[in-house]
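Taking it in order: structure first as structure tokens, then the write-up.
The values are calculated or read from the model by the stated rules, or taken from the named source; none is laboratory data. It should be emphasised that the depicted structure is a prediction, and the values quoted were computed from it without experimental measurement. Cβ coordinates were reconstructed from backbone atoms using ideal geometry, including for glycine residues, and neighbour counts include every protein chain displayed. These area figures cover heavy atoms from the full protein model, side chains too; ligands, DNA and RNA do not enter into them. Shrake-Rupley method; radii C 1.70, N 1.55, O 1.52, S 1.80 Å.
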Amino acid sequence: MPYARRDTITWQPGMYYHIYNRGAHRMPIFREPKNYAFVLQRIEQYARNLQIAVIACCLMPNHDHLLVRQDGDSPAGLLPQRVFNSDTNDL
């Protein structure tokens, strides 16, 4: 499973990736139970659209971890960008 800086990863179909995000200055990104539900829904929808299989997911108050498999040609690194970008409206 690749573990490298995002700019050095070669995204390939069939490969597994550990993707994680942390709140700026370790501040919370999830403040209420409904925040977790909202993000889980977005993960499910974008993963389906991008042909990414979510193997495991762990959401914590100030960070999250995803273990994913890239099944299509869309880079797995797009998943957190789409999920956590509030300007994205293309579900």
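Reported count of residues in the range 31-62, each being assigned to a helix (DSSP H, G or I) and within 21 Å of PRO13 (Cα to Cα), is 8.
Note on the range 54-70: among residues that are exposed (fewer than 15 other Cβ atoms within 10 Å of the Cβ) and among the hydrophobic types (A, V, I, L, M, F, W, C), the one that is nearest to GLY23 (Cα to Cα) is MET60. Anything in the range 24-41 that is within 16 Å of CYS57 (Cα to Cα) and without any contact (Cβ under 8 Å) to a residue 24 or more places away in the chain? List them, or say none. Listed by number, the residues that qualify are PRO33, ASN35, TYR36, ALA37, PHE38, LEU40, GLN41. Counting only residues that are outside any loop (DSSP other than H, G, I, E, B), at pLDDT 90 or above and open to solvent by 60 Å² or more (accessible area, probe 1.4 Å), the range 1-18 holds 2 of them. Among residues that are out of contact with any Ser or Thr (no Cβ under 7 Å at 6 or more places or on another chain) and at pLDDT below 95, LEU91 is included.
For (1) in contact with a helix residue (DSSP H, G or I) (Cβ under 8 Å, 6 or more places away or on another chain); (2) surrounded by 14 or more Cβ atoms within 10 Å (Cβ to Cβ); (3) hydrophobic (A, V, I, L, M, F, W, C), each residue gets a yes or a no:
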position	(1), (2), (3)
TYR20	no, no, no
ILE29	yes, yes, yes
PRO33	no, no, no
GLU44	no, no, no
ALA47	yes, yes, yes
GLY72	yes, no, no
